[in-house]
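**Q** Handing you a structure now.
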Amino acid sequence: DLDTGRGQGEIAGERLTQQGYFAGPLAAGKDGSIYYIAFDAMRHPALMRLVPGGKPKRLAEVEFNSRLALNEEGEILLAQPEVCENAAYYYDLYRYDKDGGNKKRLTHCGRYRMADWLPAGKGSIAVYNSGGQNALHRLDANGERVAVLWQGTQGEVISHIDVSPDGKQVVASLWRAGQGWDLAVFKLATGKWSALTQTRAIENHPHFSEDGKSVLFSADYDGFYNIHRLIVDTGRIERLTNVIGGAFYPLLSADGSHLTYVGYTAEGFDLYHLPLADNPKRTVKPERGSGALSPPPSPPVATGEVSDYSSFSSLRPRWWFPTLFVDDERFEIGFFTGGSDTLMRHNYALQYGYDVINGRSSGSLDYIYDRFTPILKLHASNYYEDLRNSDSELLKVRGKSSYQAEIVLPLLRNNRR
């Protein structure tokens, strides 16, 4: 009950889109256009643009869970996943013009999960992820790394960054072991984080106001995700929405008169528009403390002697299956099996059969070495074929042996190969 259980009536915006299912991060253009990622489960995820008073327009197909940012010229910086070197799955950065055309890939196997433009064409700030550790990198306009601004440790995760209008700091949702998700500001001049919140709630999707004096964000202070505004100088937090489903990814207009956000209903996620002039702004005082649950103690684990990896230690077959072929001229018994080492560098399959009546063997062996590019494949097989006349009399037996070697150079992408 919104009136009794949460202290005020519903405050929700006007629904702008009717796509449902999923709508992702938002970015605002100088002309008031809203750019976002949409996925309606009917078509491929797409980069969308919504002009004031218009209808959503598909600009380009992108990958699910893509993240975007916009600069003063309207150029779109997109982080989306892509296959790397035919085996790994990393995020890379792409640049689009304001109409979704002239796509240029900036990084290859970059591991940049999200990024935001710096002002005045000074490049971007990107979140780098490797080995479970996050870092902040400064990149030039072409995606080349200029500097490592901060290197995190295990148990520190950055999410949803936004660069301040003056380009001097970055706000993010920061998770630290034992603390949970809080808002923090990274100052480029000092290379250090400063906490903006430290509560028991989950605070995410931070976005600076045009003047940099406040930060909009989504948080579940009372069990429902709503849009809030934090005044940086005082630390005061105001609630701007009071919805039933949830409110995420806030964008404040340049003059601060209205709010655009992604709202959740039974039909999925869509964009909403909320004027702020006539809506009460309720100050909230979230419960302070750690929002992270303490994990249960780990059970004792027996450890052995550390040694270099050896493929042969795990290469023997772990299974086999018997085979039996019987007809008027053949009684063949056999088996097939296969296996690989733990890292699947060596892969093999073996099939063998012995014909008891005719006293002959047949079978095949396939081997794949998949550690480097290109991939090596070997095949050997030997089978017998009985050739008979129309009276089923045996004319001759043909032995068929086959030996094959392949060099495979795969060219794999998310949606083609």
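**Q** Among the numbered criteria (1) crowded, with 16+ Cβ neighbours inside 10 Å; (2) touching a strand residue (DSSP E or B) at 6+ places or on another chain (Cβ under 6 Å), which single criterion is violated by CYS109?
**A** Against the list (1) crowded, with 16+ Cβ neighbours inside 10 Å; (2) touching a strand residue (DSSP E or B) at 6+ places or on another chain (Cβ under 6 Å), CYS109 comes up short only on (1).
**Q** Return yes or no: is ALA69 farther than 30 Å from ARG371 by Cα, open to solvent by 10 Å² or more (accessible area, probe 1.4 Å) and touching a Phe, Trp or Tyr at 6+ places or on another chain (Cβ under 9 Å)?
**A** no
**Q** Taking segment 178-216 as the search range and keeping residues that are touching a strand residue (DSSP E or B) at 6+ places or on another chain (Cβ under 8 Å) and charged (D, E, K, R), which one is nearest to ARG236 (Cα to Cα)?
**A** LYS213
**Q** Please state which one of LEU216, LEU240 is touching a residue at least 60 places away in the same chain (Cβ under 8 Å), out of contact with any helix residue (DSSP H, G or I) (no Cβ under 6 Å at 6 or more places or on another chain) and open to solvent by less than 20 Å² (accessible area, probe 1.4 Å).
**A** Matching residue, one of LEU216, LEU240: LEU240.
**Q** Of these, GLY263, GLY289, which one is under 22 Å from SER209 (Cα atoms) and either open to solvent by 100 Å² or more (accessible area, probe 1.4 Å) or within 33 Å of the chain's Cα centre (by Cα) (or both)?
**A** Working: GLY289 fails: under 22 Å from SER209 (Cα atoms).
So the residue among GLY263, GLY289 that is under 22 Å from SER209 (Cα atoms) and either open to solvent by 100 Å² or more (accessible area, probe 1.4 Å) or within 33 Å of the chain's Cα centre (by Cα) (or both) is GLY263.
Table: residues versus (1) open to solvent by less than 60 Å² (accessible area, probe 1.4 Å); (2) part of a loop (DSSP other than H, G, I, E, B); (3) at pLDDT 90 or above; (4) in contact with a strand residue (DSSP E or B) (Cβ under 7 Å, 6 or more places away or on another chain).
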{"site": "GLN351", "(1), (2), (3), (4)": "yes, no, yes, yes"}
{"site": "LEU365", "(1), (2), (3), (4)": "no, no, yes, yes"}
{"site": "ARG371", "(1), (2), (3), (4)": "no, yes, no, no"}
{"site": "ALA380", "(1), (2), (3), (4)": "yes, no, yes, yes"}
{"site": "SER392", "(1), (2), (3), (4)": "no, yes, no, no"}
{"site": "VAL397", "(1), (2), (3), (4)": "no, no, no, yes"}
{"site": "LYS400", "(1), (2), (3), (4)": "no, no, yes, yes"}
{"site": "GLU406", "(1), (2), (3), (4)": "no, no, yes, yes"}
{"site": "ASN415", "(1), (2), (3), (4)": "no, yes, no, no"}
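**Q** If you don't mind, there's one more thing I want to ask. Being in contact (Cβ under 8 Å) with a residue 12 or more places away in the chain, closer than 22 Å to TRP193 by Cα and charged (D, E, K, R) is true for just one of ARG105, ARG138. Which residue is that?
**A** It is ARG138.
The values are calculated or read from the model by the stated rules, or taken from the named source; none is laboratory data. Owing to the predicted nature of the structure, the values given are computational and were not obtained by experimental measurement. Quick reminder, even Gly has a Cβ in these numbers, built from the backbone with ideal geometry, and neighbours come from all protein chains shown. What goes into the accessible areas is simple: the full protein's heavy atoms, side chains included, and nothing from ligands, DNA or RNA. Shrake-Rupley method; radii C 1.70, N 1.55, O 1.52, S 1.80 Å.
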